[in-house]
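Notes to accompany the following structure.
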Amino acid sequence: MVTGKDIVKIAKLAKLRVKDEETERLARDMSEIICFADTINNAVEDSEEEFDGIAGIVNAFHEDITVESFNRDDILKNREGGENGMFVIKKHFSNR
Amino acid sequence: MSDIKYIQNLLGTKQLSCVELTRKYLNAIEKENKLLNAYVKITDQEALRTAEQVDDRISRGEKLMPLEGIPMSLKDNIVTKDIETTCCSRMLKGFVPIYDATVWDVLKKQNAVLLGKTNMDEFAMGSSCETSCFGGALNPHNTKHVAGGSSGGAASSVSGNIAVYGLGSDTGGSVRQPASFCGLVGMKPTYGAVSRYGLIAYASSLDQVGLIASDVEDAAIIYDSIALYDPKDATSRGAGTTSSDKLDKSIKGMRIGIAREYFDGIDGDIQKSIENAVKVYEDSGAEIVYFSLPQIKYVLPVYYIIACAEASSNLGRYDGIRYGYRTESYSDIDDMICRTRSEGFGEEVKKRIMLGTYVLSAGYYDAYYKKAQKLRGSIVKAFRDAFGLCDVMLAPTVPTTAFELNFTSRDPVETYLTDICTVSANIAGLPALSIPCGFDSKGLPVGMQLIGNSFEDYKVLNAAYQYEQQMKEKIYKKLERGVRI
């Protein structure tokens, strides 16, 4: 059973903001989904082995050589207000 | 003759120029898209520029590449350089990629004529296209019904004859289900057969680029062009072999496996259409093998736990710093990130991120995520064993035909249950194709699914083609809208 308190905690971990009036509805929806997910506990596992990945590939390396990367100006194109080749946000630390 | 080959014949013999053909499609889109909402962006300038290049090559007597000059669509989670790509989310409105997805790069080099980017459920999370920030795409067979999801726009564009084929993405059935709803062929290749470089990630161990086409031969032609090894995708292997040259192989003696559990709770009309399809295979000399696959009852919870867990990680990148939506007013960086994500994502996306965060969090990781991964291993093994008994498996694609509009207003678990037939192919990384097999009592298309063993995509296409050759007149309905060549 997922509670409103759980929703607040999960939202914080997920970097999401949940309005107070939405908490109970979300808790109900999530409880239903978790109850549905709980059916996996009825399954008997074949072995203790962890699943190793679906790709069936091990160590997909490429050559350790320097290649051209993306142009910095292109990378900054999707964010207005870039300065000196950097992304700009508000000051993180206040003046003390 | 397949649509692609027919059109290329018209172009090659100069009965029609590529520019004329492209204008026909663009005019049809202008007329039909107001209702169908299949496209969220129309790339008319790009399309006509490419069409001119194709006509130029034809005038010089050069041979056409397999998909050259064919008007097509791309789902809006496949990045296209200098063309806005949004995943139909407020979070990425205005985002213009600086590179092309590999699948688009391959098709661009073949002068594929890109008509536009198609509608989808936000970040590919949904089964009806209705979570799109642009509103849902409608089903051209009956516009009171959804086109399906998440690749609803792609299916609507092909079914509405406003694209010859479309590329979509399939994480839990998002190409096959809309193809089934719209009376088309939809294929999810083996995991690793098609590059995911440039496919905006939802759940990386489940995502695959898929295709939607009007018939199996077209599907095979498209598959052969896109199923290539890509060093930029660490999970890429390519197809290993071509498929379109193997369509004609006889299926006499082919073992078609039917797992009983796929048929629990499906509509009577769908049951009947699939039984008819089984008879067609039997009459063609295929051997029908019935067996039980009890692990199927766990595929849905396993899928939603793993998919949401991976999504919670993948969508962590959307923080408003480097690209995408950023909230207008905030007090500090943490506030900025939280407000950006809460305002930028829709309800279903936020729900799935929270579910994924929950199953990965301390105290729940072992009970949900770790357990789901172990069960995934059991499911993979069960399918591997099943392919010791058969060559391809046959199952319904969806337990129902196309939902009526406002599907997402139902309770969350009810909407997830409709994925029961499709998710197992994603969990096990197997190739799977949906092909129409009839119509229900309301005239809506019914789809059946063929699932193959890993990297045996050519067998799936072969089995689908042989069925289609016998049933073509009965399973396809070309609609009186869009472009009729």
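Using only Cα positions of region B:142-236, each an equal point scatterer, no hydration layer, compute I(q)/I(0) via Debye at q = 0.16, 0.19 Å⁻¹ and quote the log10 values to two decimals.
The Cα Debye sum returns log10 ratios of -0.59, -0.81.
In whole angstrom, how long is each semi-axis of the equivalent ellipsoid of region B:388-485, when you take the square root of 5 times every eigenvalue of its Cα gyration tensor and sort them from largest down?
Its equivalent ellipsoid spans semi-axes of 24, 22, 11 Å.
Please work out how much length the chain gains when fully extended from B:Tyr6 to B:Asp82, using 0.36 nm per residue of separation minus the C-alpha to C-alpha distance, in nm with one decimal. Could you put the intermediate results ahead of the total?
Working: separation 76, 0.36 × 76 = 27.36 nm, distance 3.15 nm.
Full-extension gain reported as 24.2 nm.
Work out the FRET efficiency for A:Thr66 and B:Ser313 from their Cβ-Cβ distance, taking R0 = 35 Å, and round it to the nearest 0.05. Please list the in-between numbers first.
Values: r = 29 Å, r/R0 = 0.82.
In this case the efficiency is close to 0.75.
Label-point separation (nm) for B:Leu417 and A:Lys19, each offset 7 Å from Cα along Cα-to-Cβ?
My value for the distance between the label points is 3.1 nm.
Return the whole-Å distance between the Cα centroid of region B:320-363 and the Cα centroid of region B:101-131.
If you average the Cα positions of each part, the centres end up 25 Å apart.
Give the interface area between chains A and B as buried accessible surface, both sides summed, probe 1.4 Å, in Å² to the nearest 100.
5200
What share of all Cα pairs of the protein assembly as shown, in percent, falls into each consecutive 20 Å distance bin?
21, 56, 21, 1, 0
Out of all DSSP beta bridges in the protein assembly as shown, what portion is antiparallel? Express it as a percent rounded to 5. Mind showing how you got there, number by number?
Numbers: 32 of 47 bridges.
Antiparallel bridges: around 70 percent, rounded to the nearest 5.
Hey, got the average number of other protein chain Cβ atoms within 10 angstrom for residues in B:338-348? Let's see the in-between values first.
Working: counts 7, 3, 2, 5, 7, 1, 0, 1, 0, 3, 0.
Per-residue shielding by partner chains comes out at 3.
Could you give the distance between the Cα centres of region B:72-97 and region B:440-463, to the whole Å?
Cα centroid to Cα centroid, the span is 29 Å.
About the Cα centre of the protein assembly as shown, what is the dipole size in debye to 20, counting +1 per Lys and Arg Cβ and -1 per Asp and Glu Cβ, all else neutral?
On the way: 69 positive and 80 negative charges, 169 e Å.
The dipole of the protein assembly as shown has a size of about 800 debye.
Is the shape of region A:1-48 best called rounded, prolate or oblate, per the rule: a/c under 1.5 gives rounded, else a/b larger than b/c gives prolate, else oblate, with a ≥ b ≥ c the square roots of the Cα gyration tensor eigenvalues? Kindly include the intermediate steps, with their values, before the conclusion.
Values: a/c = 4.25, a/b = 2.18, b/c = 1.95.
Taking the square roots of the gyration eigenvalues as a ≥ b ≥ c, region A:1-48 is prolate.
Could you work out the Rg to Rh ratio of region B:256-386, with Rh taken as the Kirkwood radius (inverse of the mean 1/r over all Cα pairs)? It would help to have the intermediate numbers written out before the result.
Working: Rg = 21.9 Å, Rh = 18.4 Å.
With Rg and the Kirkwood Rh in hand, the quotient comes to 1.19.
What chymotrypsin sites (Phe, Trp or Tyr not before Pro) in region B:416-471 are in a loop by DSSP, with at most 13 other Cβ atoms within 10 Å of the Cβ? All intermediate terms of the calculation are to be shown ahead of the outcome.
On the way: sites: B:Tyr416, B:Phe439, B:Phe455, B:Tyr458, B:Tyr465, B:Tyr467; in loops: B:Phe455.
Here no loop site has a sparse enough neighbourhood.
Expressed as a whole percentage, what fraction of the accessible surface of chain A belongs to carbon and sulfur atoms when a 1.4 Å probe is rolled over the protein heavy atoms?
Numbers: 3900 of 7770 Å².
Carbon and sulfur atoms account for 50 percent of the accessible area of chain A.
For region B:38-184, taking Cα atoms only, what is the radius of gyration to one decimal and the Dmax to the nearest whole Å?
Considering region B:38-184 through its Cα atoms, Rg and Dmax are 15.1, 48 Å.
For chain B, what are Rg and Dmax over the alpha carbons, in angstrom?
21.3, 71
Is it possible to state the helix-based mean residue ellipticity at 222 nm for chain B, with each DSSP H run of 4+ residues giving -39500 (n - 2.57), the sum divided by total residues, to the nearest 500 deg cm²/dmol? What is it?
Numbers: 15 runs with 182 residues, N = 485.
-11500 deg cm²/dmol, from helical runs alone.
A:Asp52 label point, 7 Å along Cα→Cβ, cut-off 18 Å on backbone N: hits in region B:176-197?
B:191-192
Take A:Asp38 and B:Thr13, extend 7 Å from each Cα along the Cα→Cβ direction, and tell me the distance between the two endpoints in nm.
6.7
Determine the sum of side-chain charges near B:Thr241: Lys and Arg each +1, Asp and Glu each -1, restricted to other residues whose C-beta is under 14 angstrom from that of B:Thr241.
Numbers: positive: B:Arg237, B:Lys246, B:Lys249, B:Lys459; negative: B:Asp224, B:Asp245, B:Glu456, B:Asp457.
Here the count lands on 0.
Using a Förster distance of 22 angstrom, determine the FRET efficiency expected from the C-beta separation of B:Lys144 and B:Glu343, and round it to 0.05. Mind showing how you got there, number by number?
Numbers: r = 32 Å, r/R0 = 1.46.
It comes out at approximately 0.10.
Average partner chain C-beta neighbours within 10 Å, per residue of A:19-30? Provide the component values of the computation, followed by the final result.
Values: counts 1, 0, 0, 2, 0, 0, 0, 4, 0, 2, 7, 5.
The per-residue average across the peptide is 2.
About the Cα centre of chain B, what is the dipole size in debye to 20, counting +1 per Lys and Arg Cβ and -1 per Asp and Glu Cβ, all else neutral? Provide the component values of the computation, followed by the final result.
On the way: 55 positive and 59 negative charges, 55 e Å.
The calculated dipole for chain B is roughly 260 debye.
With a cut-off of 13 Å, note down the residues of region B:225-251 whose backbone N falls inside the zone around a label point 7 Å from the Cα of B:Gln469 toward its beta carbon.
B:245-251
Excluding same-chain residues fewer than 8 positions from B:Lys249, which lysines have a Cα within less than 29 Å of its Cα?
Once the sequence-local lysines are set aside, what remains near B:Lys249 is B:Lys5, B:Lys63, B:Lys188, B:Lys272, B:Lys279, B:Lys381, B:Lys459, B:Lys472, B:Lys474, B:Lys477, B:Lys478.
Picking from B:Met125, B:Asn111, B:Leu74, whose Cα lies most toward the positive end of the charge dipole for region B:74-142 (charges on Cβ: Lys, Arg +1; Asp, Glu -1)?
Farthest along the dipole direction, towards plus: B:Asn111.
Averaged across the residues of A:71-77, what count of C-beta atoms belonging to other chains lies within 10 Å of each residue's C-beta? Display every interim value, and only then the final one.
On the way: counts 1, 0, 1, 5, 3, 3, 6.
Other-chain Cβ atoms within 10 Å of each residue's Cβ, averaged: 3.
Need the full-extension length gain, B:Thr242 to B:Glu275, defined as separation in residues times 0.36 nm minus the C-alpha distance. One decimal, nm.
On the way: separation 33, 0.36 × 33 = 11.88 nm, distance 3.04 nm.
Working it through step by step, the gained length comes to 8.8 nm.
So if R0 is 41 Å, what FRET efficiency would B:Asn27 and A:Met1 give, r being the distance between their Cβ atoms, rounded to the nearest 0.05?
0.15
Percent relative contact order of region A:1-64, based on C-alpha pairs within less than 8 angstrom and at least six residues apart? Numbers along the way, then the final one.
Numbers: 24 pairs, mean separation 22.2, N = 64.
Contact order relative to length: 35 percent.
The values are calculated or read from the model by the stated rules, or taken from the named source; none is laboratory data. The model shown is predicted, which means the values in this text are computed figures rather than measured ones. Positions of Cβ are backbone-derived with ideal geometry, glycine not excepted, and every protein chain shown enters the neighbour counts. These accessible areas exclude ligands, DNA and RNA; they are computed on the full protein's heavy atoms, side chains included. Shrake-Rupley method; radii C 1.70, N 1.55, O 1.52, S 1.80 Å.
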